[in-house]
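**Student:** Dropping the structure in here first, questions after.
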Amino acid sequence: MISRLINDPILHISLRQLSGPKRLAIVLLLSIIPVVVTSIIVAVNGEVDHEFASGMIGTMFAAAIMPVVTMTLATAAFGNELEDKTLSYLVLKPVSRLRLVIPKYIVTVMMTGPLLVVSGVIVALVAFDADARTTVAVAVGIAVGVVTYSSIFMWMGLMTTKALGFALFYVFLWEGLLSSFLSGIRVLSVRSYTVSIMYGIEDKNLAELDQFSIRLATAAVAAGIVTVLFFYLTVRRLRRMDVP
Amino acid sequence: MTLTDMGTETGASVAVTSQPEPTIRVDNVSKWFGNVVAVNEVSLEIRPGITGLLGPNGAGKTTLLHMINGLSAPSEGEITVLGEPVRNNPGIYNRLGVMAEHEAVYGFFTGRAFVEFSARLYGLKDVPAMVDKAIKAVNMADAQHRPLGEYSRGMRQRMRLAASMVHDPDVMLLDEPLSGTDPRQRIEFSELLAELAAAGRTIVVSSHILEEVENLAGSILLMISGKLAASGDYRAIRAKLNERPYTVSVDCSEPRRLAAALVGLEGVDSVAVDSEGRVIVLSKHVSILQHAIPRLAQDTGVRLERVEPLDDSLESVFGYLVDA
């Protein structure tokens, strides 16, 4: 199964398509911003205030950097193929739509997840004196966020050629603004799932995240449902759409 | 197929006797985008051999091919290929090869890698051998290791054809495959497709240039404004086209004198001078006219300023076939 996936031609071509130098540079630069900010604060003050650090993880990281990095790649997973009209090469083959979506999704998660998790882990290690539980909490929260966002943005990439614009609008309006002020919509916010999982695992060092949180179990289940739902919608869209 | 099918209105179907079973059936199919009707109640059957899908740009050929190959869903009607529906039936592509109209390719691939990519998606067992065979068939062995991005348009078309036939399909749908090819490549293309058709395959080749399919297709389907306007044997249609009268407009220094000289010319059906002083000549033998006008002008001392055909557009050619 794994060897079949590794040799999958769609996985390989998706990797090539998403590995453009400009796109990778954007993803890399955005990912290291929290590390740079933390390093500067440590260099200036000698340490990072826990309150500031958890606030940075809950807002800058979970509400801005993580979704923007993920959308950069996930909207392009199918969006690029739609734009340059190469999607027909894939859909005109004896390959199920599910088999088209799985490798593209895996590539998106594998290209964004490790980068963002490493970035978050470095911030957690530096800011929280290498506390293992806090580090694990941040890593797990980011991983769940990437998996969920990737599913949503991959679907957006198939729905419109202006997916990046719509995704930015969604992230800053829904995830950034509304979910901060309207507690009722947190159950429908990926940012909220991310910080809730972090807070659910480590509530002392990450106490600042309480203000954006819902229950850990609710966040985990909701993230799973949203991921599966948008994954299904992507497959469904691919089955029903007219491919240019 | 006979010329009796020509000139039928929408939904014209092809009546064929003593022919193999159709491999492609299009039954009362329409496609619209908002208020625009791209394909209007088309019914047709396509059998093994080469069929040319002809029509001017915007006639609905590509939309129809997209529905036959499964890229688009018909707004109305049904399509089957080899007895099966095409939409949401990936298994059909084991027996169907498609070369879409657009020329987009993965620029980072070499030609060979592109064909290999297709072969692997088709799940072929002996990928190297099948790729070799397909590349050799399109005569691209020498250039197979060069990046697709460096290919000329004609080379890219040939490699795209190789990718669409690498799995040895029973049915091939080729949208404008001759676009960008030079005359020598067209001859090679024709020979290759004839060979594939002789082995019992069904091949559909679309084009907006009548002459392009001259050496390719035994029968043609003619689309105009989203409708199947005519269908039939290519030779019969070509013969009909040769009988078509041409209208030529001549601007000259003394139109009445030139008109008088043209009246007696063999093959000229009528001559008139219009209100703007142009000589309007109607003839079925345009080649005679091409030589005669300069000669007559010289003989009669008339200075020619401009000679132009008035109805040489594709639409008028196809329109003539429909009206004939």
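**Student:** Take the Cα of B:TRP32, step 7 Å along the line toward its Cβ, and report every residue of the range B:61-82 whose backbone nitrogen sits under 13 Å from that point.
**Tutor:** Those under the cut-off are B:75-77.
**Student:** Next up: Taking both sides together, what accessible area is buried at the A/B interface, probe 1.4 Å, expressed in Å² and rounded to the nearest 100?
**Tutor:** Working: alone 11760 and 15370 Å², together 24760 Å².
In total, chains A and B hide about 2400 Å² from solvent.
**Student:** Give the residue from A:VAL228, B:MET223, B:ALA59 lying farthest towards the positive end of the charge dipole for the protein assembly as shown; charges sit on Cβ (+1 for Lys and Arg, -1 for Asp and Glu) and the dipole is referred to the Cα centre.
**Tutor:** With unit charges placed on the Cβ atoms, the residue in question is A:VAL228.
**Student:** At 1.4 Å probe size, with the rest of the protein present, what percent of the exposed accessible area of the protein assembly as shown is carbon and sulfur atoms?
**Tutor:** Carbon and sulfur together cover 58 percent of it.
**Student:** Pop the C-beta distance of A:VAL228 and B:ASP132 into the FRET formula with R0 = 30 Å and round what comes out to the nearest 0.05. Show your work: numbers first, answer last.
**Tutor:** Details: r = 43 Å, r/R0 = 1.43.
Computed FRET efficiency for A:VAL228 and B:ASP132 comes out at 0.10.
**Student:** OK, next. Treating the Cα atoms of the range B:227-302 as identical point scatterers in vacuum, please give the log10 of the normalised Debye intensity I(q)/I(0) at q = 0.24, 0.26 Å⁻¹, two decimals.
**Tutor:** -1.05, -1.20
**Student:** Still on this model: Work out the mean other chain Cβ neighbour count within 10 Å for the residues of B:95-105 and drop it here as an integer.
**Tutor:** Working: counts 1, 3, 1, 5, 2, 7, 2, 5, 1, 9, 4.
Whole-number average of other-chain Cβ neighbours for B:95-105 is 4.
**Student:** Accessible area drop of at least 40 Å² (1.4 Å probe, protein heavy atoms): which residues of the range A:49-92 qualify, relative to the chain alone?
**Tutor:** The answer is A:TYR89, A:LEU92.
**Student:** Let me ask something else about it. Would you mind computing, in nm to one decimal, how far apart the modelled labels at B:GLU101 and A:HIS12 are, each placed 7 Å from Cα along Cα→Cβ?
**Tutor:** 3.2 nm
**Student:** If you don't mind, there's one more thing I want to ask. Apply the Karplus parameterisation 6.51 cos²θ - 1.76 cosθ + 1.60, with θ equal to phi minus 60°, to every residue of the range B:120-131 and state each ³J(HN,Hα) to the nearest whole Hz, in sequence, with x for glycine and proline.
**Tutor:** The phi angles translate into 5, 5, 6, x, 5, 7, 9, 4, x, 5, 5, 5 Hz.
**Student:** Order A:ILE40, B:ILE237, B:ILE224, B:ILE209, most accessible first, counting only protein heavy atoms with a 1.4 angstrom probe.
**Tutor:** Details: A:ILE40 100, B:ILE237 0, B:ILE224 40, B:ILE209 60 Å².
Descending accessible area places them as A:ILE40, B:ILE209, B:ILE224, B:ILE237.
**Student:** Also, quick follow-up: What is the spin-label model distance, in nm, from B:GLU150 to A:ASN45 if the labels are put 7 Å beyond Cα along the C-beta direction?
**Tutor:** The modelled label-to-label distance comes out at 5.6 nm.
**Student:** So what is the relative contact order of chain A, in percent, for Cα pairs below 8 Å that sit 6 or more residues apart? Please report the intermediate quantities before stating the final value.
**Tutor:** Numbers: 332 pairs, mean separation 62.3, N = 244.
Reported relative contact order: 26 percent.
**Student:** Right, something else. Which FRET efficiency value, to the nearest 0.05, is calculated for B:PHE108 and B:GLU211 with the Förster distance at 35 angstrom and r the Cβ-Cβ distance?
**Tutor:** Numbers: r = 36 Å, r/R0 = 1.03.
So, using R0 = 35 Å, E works out to roughly 0.45.
**Student:** Can you tell me what share of the DSSP beta bridges in the range B:155-232 is antiparallel? A percent to the nearest 5 is fine. Kindly include the intermediate steps, with their values, before the conclusion.
**Tutor:** Numbers: 5 of 10 bridges.
Among the beta bridges of the range B:155-232, antiparallel pairing accounts for roughly 50 percent.
**Student:** Other chains near A:97-104: what is the mean number of their Cβ atoms within 10 Å of each residue's Cβ?
**Tutor:** Partner Cβ neighbours, averaged per residue: 1.
**Student:** Output the relative contact order of the range B:138-244, whole-number percent, from Cα pairs under 8 angstrom with separation of 6+ residues. Mind showing how you got there, number by number?
**Tutor:** On the way: 94 pairs, mean separation 22.0, N = 107.
For the range B:138-244, the relative contact order is 21 percent.
**Student:** Also, I was wondering about something else. Be a star and scan the range A:18-52 for residues whose amide nitrogen sits under 13 Å from the point 7 Å along the Cα-to-Cβ vector of A:LEU177.
**Tutor:** Within reach of a label on A:LEU177: no residues.
**Student:** Put A:PHE78, B:PHE108 in order of accessible area, largest first, 1.4 Å probe: what do you get?
**Tutor:** Numbers: A:PHE78 0, B:PHE108 75 Å².
Output order, biggest surface exposure first: B:PHE108, A:PHE78.
**Student:** Further question on the same structure: When only the heavy atoms of the protein chains count and the probe is 1.4 Å, how do A:SER96, B:SER225 rank by accessible area, highest first? Kindly include the intermediate steps, with their values, before the conclusion.
**Tutor:** On the way: A:SER96 55, B:SER225 90 Å².
The residues order as B:SER225, A:SER96, largest area first.
**Student:** Using +1 at the Cβ of each Lys and Arg and -1 at the Cβ of each Asp and Glu in the range B:24-239, identify which of B:SER118, B:VAL205, B:PRO183 lies farthest towards the dipole's positive end.
**Tutor:** It is B:SER118.
**Student:** Still on this structure: Could you pull out every residue, at least 5 positions away or on a different chain, whose amide H is within less than 5 Å of the one on B:MET172? Hs are placed 1.01 Å off N in the peptide plane, and Pro or chain starts have none.
**Tutor:** The answer is B:GLY97, B:THR202, B:ILE203, B:VAL204.
**Student:** Report A:LYS85's accessible area, 1.4 Å probe, all protein chains in place, as a number in Å² to the nearest 10.
**Tutor:** Taking all protein chains as shown, A:LYS85 has close to 90 Å².
**Student:** Treating the beta-carbon of each Lys and Arg as +1 and of each Asp and Glu as -1, no other charges, what is the dipole magnitude of the protein assembly as shown about its Cα centre, to the nearest 20 debye? Intermediate values should be presented prior to the final figure.
**Tutor:** Numbers: 50 positive and 57 negative charges, 222 e Å.
Here the size comes out at about 1060 debye.
**Student:** Using amide H atoms built 1.01 Å from N in the peptide plane, name the residues 5+ places from B:VAL268, or on other chains, whose amide H lies under 5 Å from its own.
**Tutor:** Amide H neighbours of B:VAL268: none.
**Student:** Once the Cβ-Cβ distance between B:GLU266 and B:GLU195 is put in as r, and R0 is 56 Å, what FRET efficiency do you end up with, to the nearest 0.05?
**Tutor:** Numbers: r = 44 Å, r/R0 = 0.78.
In this case the efficiency is close to 0.80.
**Student:** Could I ask something else about it? Give the shape of chain A as rounded, prolate or oblate, defined through the alpha-carbon gyration tensor: a ≥ b ≥ c are the square roots of its eigenvalues, a/c under 1.5 means rounded, and otherwise the shape is prolate if a/b is larger than b/c and oblate if not.
**Tutor:** Verdict is prolate for chain A.
**Student:** Please turn the phi angles of the range A:54-62 into ³J(HN,Hα) values with the Karplus equation 6.51 cos²θ - 1.76 cosθ + 1.60 (θ = phi - 60°), one per residue in order, whole Hz, x for glycine and proline.
**Tutor:** With coefficients 6.51, -1.76 and 1.60, one gets 5, x, 5, 5, x, 10, 4, 6, 6 Hz.
**Student:** Inside 10 Å of the C-beta atoms of A:139-150, what's the mean count of C-beta atoms belonging to other chains?
**Tutor:** Working: counts 0, 0, 0, 0, 0, 0, 0, 0, 0, 0, 0, 0.
Averaged over the peptide's residues, the number is 0.
**Student:** Using the alpha-carbon atoms, what tilt in degrees (0 to 90, nearest 10) does helix B:183-198 show relative to the longest principal axis of chain B?
**Tutor:** Roughly 60 degrees between the two axes.
**Student:** Another question about this same structure. What's the angle, to the nearest 10 degrees (0 to 90), between helix A:21-45's Cα axis and the longest principal axis of chain A?
**Tutor:** Taking Cα atoms only, the helix is inclined about 0 degrees.
**Student:** Take the Cα gyration tensor of chain B, multiply each eigenvalue by 5, square-root it, and list the three semi-axes largest first, rounded to whole angstrom. Intermediate values should be presented prior to the final figure.
**Tutor:** Numbers: eigenvalues 373, 119, 56 Å².
Output for chain B: semi-axes of 43, 24, 17 Å.
**Student:** Right, here's the next one. B:GLU266 accessible area, nearest 10 Å², 1.4 Å probe?
**Tutor:** Rounded to the nearest 10, that gives 150 Å².
**Student:** Taking only Cα atoms, what is the 0 to 90° angle, nearest 10, from helix B:314-323's long axis to the longest principal axis of chain B?
**Tutor:** 80 degrees
**Student:** Calculate, for the protein assembly as shown, the solvent-accessible area per residue in square angstrom, rolling a 1.4 angstrom probe over the heavy atoms of the protein chains. Intermediate values should be presented prior to the final figure.
**Tutor:** Values: 24760 Å² over 568 residues.
Accessible area per residue, the protein assembly as shown: 44 Å².
**Student:** Could I ask something else about it? So what does A:ILE32 come to for accessible area, using a 1.4 Å probe and Å² rounded to 10?
**Tutor:** Rounded to the nearest 10, that gives 80 Å².
**Student:** Once phi is turned into ³J(HN,Hα) by the Karplus curve 6.51 cos²θ - 1.76 cosθ + 1.60 with θ = phi - 60°, what whole-Hz value does each residue of the range A:196-213 show in order, with x for glycine and proline?
**Tutor:** Rounded to whole hertz, the list is 5, 5, 4, 5, x, 7, 9, 9, 8, 5, 9, 4, 4, 6, 4, 5, 9, 9.
The values are calculated or read from the model by the stated rules, or taken from the named source; none is laboratory data. This is a predicted model, so every value here is computed, not measured. Cβ atoms come from the backbone with ideal geometry, glycine included; neighbour counts cover every protein chain shown. Surface accessibility is based on the protein's heavy atoms, side chains included, excluding ligands, DNA and RNA. Shrake-Rupley method; radii C 1.70, N 1.55, O 1.52, S 1.80 Å.
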